[in-house]
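To start, the structure itself, in structure tokens.
What follows draws every value from the coordinates through simple rules; no lab data is involved. Just so it is clear, the model here is predicted, and its values are computed rather than measured. Quick reminder, even Gly has a Cβ in these numbers, built from the backbone with ideal geometry, and neighbours come from all protein chains shown.
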Amino acid sequence: MISIIVPCYNEQEALPLFHKEATRILQEIGEEYELLFVNDGSKDETLKELKALSAKDSHVIYLSFSRNFGKEAAMYAGFCNAKGDYIAVMDADLQDPPALLPEMLKILKTGEYDSVATRRVSREGEPIIRSWFARRFYSIMNRISESDIVDGARDFRLMKKSMVEAIVAMGEYNRFSKGLFGWVGFRTYWMPYENVERVAGETKWNFWKLFKYAIDGIINFSHVPLSIASWFGTTMTFFSFLALAVIIIRRLIFGDPVAGWASIICVVIFIGGIQLLCLGIMGQYISKTYLETKHRPHFIIAETNDESAIKLK
Ligand code: UDP
Ligand code: MG
């Protein structure tokens, strides 16, 4: 059985198109399947649309959140409730082409791989600045994080149940799926494809949201920013010893002319700035730790047509 998890946030226009296309491909494959839609607190008619689809098609299961919890939570809810032996995550906007599924399934069935992941080789149709920042993010991330994160990687991937179980077991609150997929390991086949633009509706990510997501990703999967603080500290201490020596020697040779107000202010501002920056970095980690220790549920399902669904986790 194949489970397709589809996080949906304000996707009323895209849903019928997605359902039609995905159904066509899955029927072609000919295996048993379920379409697991997760309504992430949409403010439009997404839930109504899902109910209509589930009335027409018994393959459709919907899990509807009590509010917007974010795509990561929607994916987690999907992983917790998927019944398939092969489990995929796909966007509702057809940016993850269902047409790739048969090929992906074939690769998994050879038994050589546990997961088939997709990556975009082009970023056509995307603002240039966004692509530039995305590329910087991946290069920085790969330099400073222990789990490898592939440039252009999508969340779209087909996995065996064993891998999904591992991901479900990682119950951390601050989730960054691209990192989690890498962290659990398993043999992954990377399938490249050309970027596709969304069929209907609008993207939910503005630049600022993506930027924050990138920072979250770095903090969740790397401790390097923390060591930056100690590096600054060590270098500063070293230079301060040098400066001390210079000042003392100069005092002994030339006496004590009162001067250097400008340089003192520069040093004070510089060190003050660095100290605040380091405090800020530590603050980021502490706030993450604080959230983790509260053990709040990742999602709350208010409504579903699957009686056995895990409603809260
Ligand atoms: N999404 C979600 N919750 C959110 C934001 C987005 O479930 O808070 C879903 C959205 O409905 C879509 C997928 O995540 O199926 C990807 O979002 P989008 O297409 O807006 O992102 P993009 O492809 O532009 O990066
Ligand atoms: Mg999209």
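With the cut-off at 1.5 for a/c, could you classify the chain from its C-alpha gyration tensor as rounded, prolate or oblate? Before the final figure, lay out the partial values.
Details: a/c = 2.68, a/b = 2.45, b/c = 1.09.
Note, shape of the chain comes out prolate.
Label-point separation (nm) for residue 312 and residue 162, each offset 7 Å from Cα along Cα-to-Cβ?
The answer from the label model is 3.5 nm.
Using modelled amide H (1.01 Å from N, peptide plane; none on Pro or chain starts), what sits under 5 Å from the amide H of residue 5, excluding residues fewer than 5 places away?
36, 88, 89, 90
R0 = 45 Å: FRET efficiency of residue 32 with residue 234, Cβ-based, nearest 0.05? Before the final figure, lay out each step's value.
Details: r = 60 Å, r/R0 = 1.33.
Here the calculated transfer efficiency is 0.15.
Using a ≥ b ≥ c from the Cα gyration tensor of segment 1-142 (square roots of the eigenvalues), is it rounded, prolate or oblate, where a/c under 1.5 gives rounded and otherwise the larger of a/b and b/c decides, a/b for prolate?
Oblate is the answer for segment 1-142, as a/c is 1.5 or above yet b/c matches or exceeds a/b.
If you wrap a convex hull around the C-alpha atoms of segment 190-313 and split its volume per residue, what is the figure in Å³?
Details: hull volume 31.8 nm³, N = 124.
Hull volume over Cα atoms, normalised by residue count, gives 256 Å³.
Spelling out what I want: for every residue of segment 44-53, take phi, set θ = phi - 60°, compute 6.51 cos²θ - 1.76 cosθ + 1.60 (Karplus), and round to whole Hz; glycine and proline get x.
Couplings: 9, 8, 4, 5, 4, 4, 5, 5, 4, 5 Hz.
Quick one: order 161, 71 by neighbouring beta-carbon count within 10 Å, fewest to most. Each step should come with its number before you reach the end.
Working: 161 16, 71 21.
Going from least to most buried by this count: 161, 71.
Please work out the C-alpha center-to-center distance from segment 93-145 to segment 1-56 and express it in whole Å.
Centre-to-centre distance over Cα atoms comes out at 21 Å.
For a Förster distance of 22 Å, can you work out the FRET efficiency between the beta-carbons of residue 295 and residue 226, rounded to the nearest 0.05?
Efficiency, from the Cβ-Cβ distance: 0.40.
Choose one of 76, 159, 116: the residue whose Cα lies farthest towards the positive end of the charge dipole of segment 72-192 (beta-carbon charges +1 Lys, Arg; -1 Asp, Glu; about the Cα centre).
The residue sitting farthest along the positive end of the dipole is 116.
Mind checking which lysines have their C-alpha under 21 Å from residue 288, skipping anything on the same chain fewer than 8 residues away?
Cα-Cα hits under 21 Å: 71, 178, 209, 212, 313.
Arranged by the count of other C-beta atoms within 10 angstrom, fewest first, what order do 8, 80, 266 take? Provide the component values of the computation, followed by the final result.
Details: 8 28, 80 20, 266 11.
Ordered from fewest to most neighbouring Cβ atoms within 10 Å, 8, 80, 266 come out as 266, 80, 8.
Indicate the gyration tensor shape class of segment 95-148 (rounded, prolate or oblate), computed on the Cα atoms with a ≥ b ≥ c the square roots of the eigenvalues: a/c under 1.5 is rounded; otherwise a/b larger than b/c is prolate and the rest oblate. Mind showing how you got there, number by number?
Numbers: a/c = 5.09, a/b = 1.49, b/c = 3.41.
Oblate is the answer for segment 95-148, as a/c is 1.5 or above yet b/c matches or exceeds a/b.
With a Förster radius of 51 Å, plug the Cβ-Cβ distance of residue 67 and residue 271 into 1/(1 + (r/R0)^6) and report the FRET value to the nearest 0.05. Mind dumping the intermediate values first?
On the way: r = 44 Å, r/R0 = 0.86.
Efficiency, from the Cβ-Cβ distance: 0.70.
Only counting other Cβ atoms within 10 Å, I'd like 298, 19 sorted with the fewest neighbours first.
Numbers: 298 19, 19 22.
In order of increasing Cβ crowding within 10 Å: 298, 19.
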